[in-house]
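Down below is the structure, laid out as structure tokens.
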């Protein structure tokens with residue numbers, strides 16, 4: 001990107017809850033937790049009343065019941081989002097690991113020793129070793145509302161939330177649990193894979209990844225996805241921003257294949273600058289690049305890396321962007337960069353890179369997020385993105 005290009009002001013959009021809807025993602029997250037608790041190929045626990053046994057083909061009413069139970073009428077979604085967790089596969093990961101930690105707590109000394117031995121031996125991503133230990137447990141023993149308790153306190157972001165979950169376990173098991181369930185662990189990656197299977201479905205998963213999913217028969221929730229506003233309103237809003245001279249970018253937790261397909265289908269991709277689009281794939285690659293220097297580094301939101309990368313494109317190396325707090329020249333000039341988002345993770349990431357932030361109320365928090373945005377120092381709060389061109393055009 002040349003110096004002249006950098007003079008072009010840029011708006012970086014989050015996607016889910018801003019342009020694209022999130023209901024299908026929340027459904028997928030709930031199905032992941034259900035599958036990993038109940039599926040015989042994972043823990044194989046017997047489902048409690050109200051939850052069906054695992055099967056890959058589930059009807060809409062069954063999905064609604066699973067989500068209602070596991071996410072407690074979506075209150076769990078609100079809690080995790082308020083902890084600045086942006087990725088919906090991370091939502092599944094934290095809810096699953098919380099309940100697994102609860103299952104492993106409050107054991108006798110003998111049982112605790114067995115758990116520690118299993119963990120120290122090392123788990124496969126399918127948790128086969130724990131499956132045998134927990135096989136006779138009923139899911140009725142899981143309090144799905146427990147995740148709403150005070151355990152998470154003031155934790156913000158995936159790293160802090162992980163530490164809170166590790167802290168729930170007996171001290172003798174905590175370190176071994178952390179080795180098996182860290183954000184870079186095989187289990188974490190397995191959660192992402194199962195999430196992709198539910199969201200993409202068997203056929204699209206095979207097309208994208210070139211392999212058959214572990215469980216066949218899933219239809220794919222991606223085909224049910226809807227935007228947060230009528231498509232024509234999104235079109236006119238983005239078009240007007242481009243006409244005002246803004247370059248449009250994206251910073252999202254979605255992989256590219258999950259981003260491009262719906263935007264192209266809605267004919268919205270054309271509004272965004274290719275060099276200003278940052279997806280999960282870009283963040284994952286950057287984390288691998290930095291792992292030798294920053295062990296366990298997490299560069300997804302609320303880390304400012306996705307926004308800095310979307311703003312600067314290929315002008316700077318990953319290392320320079322990750323260590324940008326020490327390099328003041330990487331902060332945008334005042335007034336040249338806006339971030340538009342619906343979550344605390346978006347707000348925190350924008351503020352860390354000293355961008356302006358526009359909070360929209362079309363995400364999960366709805367109008368209840370107005371106070372959160374106000375307390376976080378949002379520069380403007382709008383009902384939805386259609387109000388943004390008029391605000392900037394004042």
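The values are calculated or read from the model by the stated rules, or taken from the named source; none is laboratory data. Note that this is a predicted model, so its numbers are computed, not measured. Here the Cβ positions follow ideal geometry from the backbone for every residue, glycine too, while neighbour counts run over all protein chains shown.
Side notes on the structure shown:
- When region 187-231 is limited to residues that are part of a helix (DSSP H, G or I) and over 22 Å from the mean Cα position of the chain (by Cα), the one that is farthest from residue 35 (Cα to Cα) turns out to be 231.
- Set 184, 172: member being exposed (fewer than 15 other Cβ atoms within 10 Å of the Cβ), part of a loop (DSSP other than H, G, I, E, B) and modelled with pLDDT under 85: 184
- In the set (1) loosely packed, with under 13 Cβ neighbours inside 10 Å; (2) modelled with pLDDT of 80 or more, residue 97 fails one condition alone, (1).
- Selection from region 352-375 of residues that are in contact with a helix residue (DSSP H, G or I) (Cβ under 8 Å, 6 or more places away or on another chain), modelled with pLDDT of 95 or more and under 23 Å from residue 88 (Cβ atoms): 357, 358, 359, 360, 361, 362, 373
- Look at region 359-373: where a residue is free of Cβ contacts under 8 Å to residues at least 24 places away in the same chain and a partner is surrounded by fewer than 17 Cβ atoms within 10 Å (Cβ to Cβ) and outside any helix (DSSP H, G or I), sitting 6+ places away or on another chain with Cβ atoms under 7 Å, you get 361/383.
- Residue 115 vs. criteria buried (at least 20 other Cβ atoms within 10 Å of the Cβ), free of Cβ contacts under 8 Å to residues at least 60 places away in the same chain, in a helix (DSSP H, G or I) and touching a helix residue (DSSP H, G or I) at 6+ places or on another chain (Cβ under 7 Å): yes
- Any hit, region 315-337, residues being at pLDDT 95 or above and outside any loop (DSSP other than H, G, I, E, B): yes
- For region 291-314, the set of residues classified as at negative phi, part of a loop (DSSP other than H, G, I, E, B), in contact with a helix residue (DSSP H, G or I) (Cβ under 6 Å, 6 or more places away or on another chain) and touching a residue at least 24 places away in the same chain (Cβ under 8 Å) consists of 297, 298, 300, 301, 302, 304, listed by residue number.
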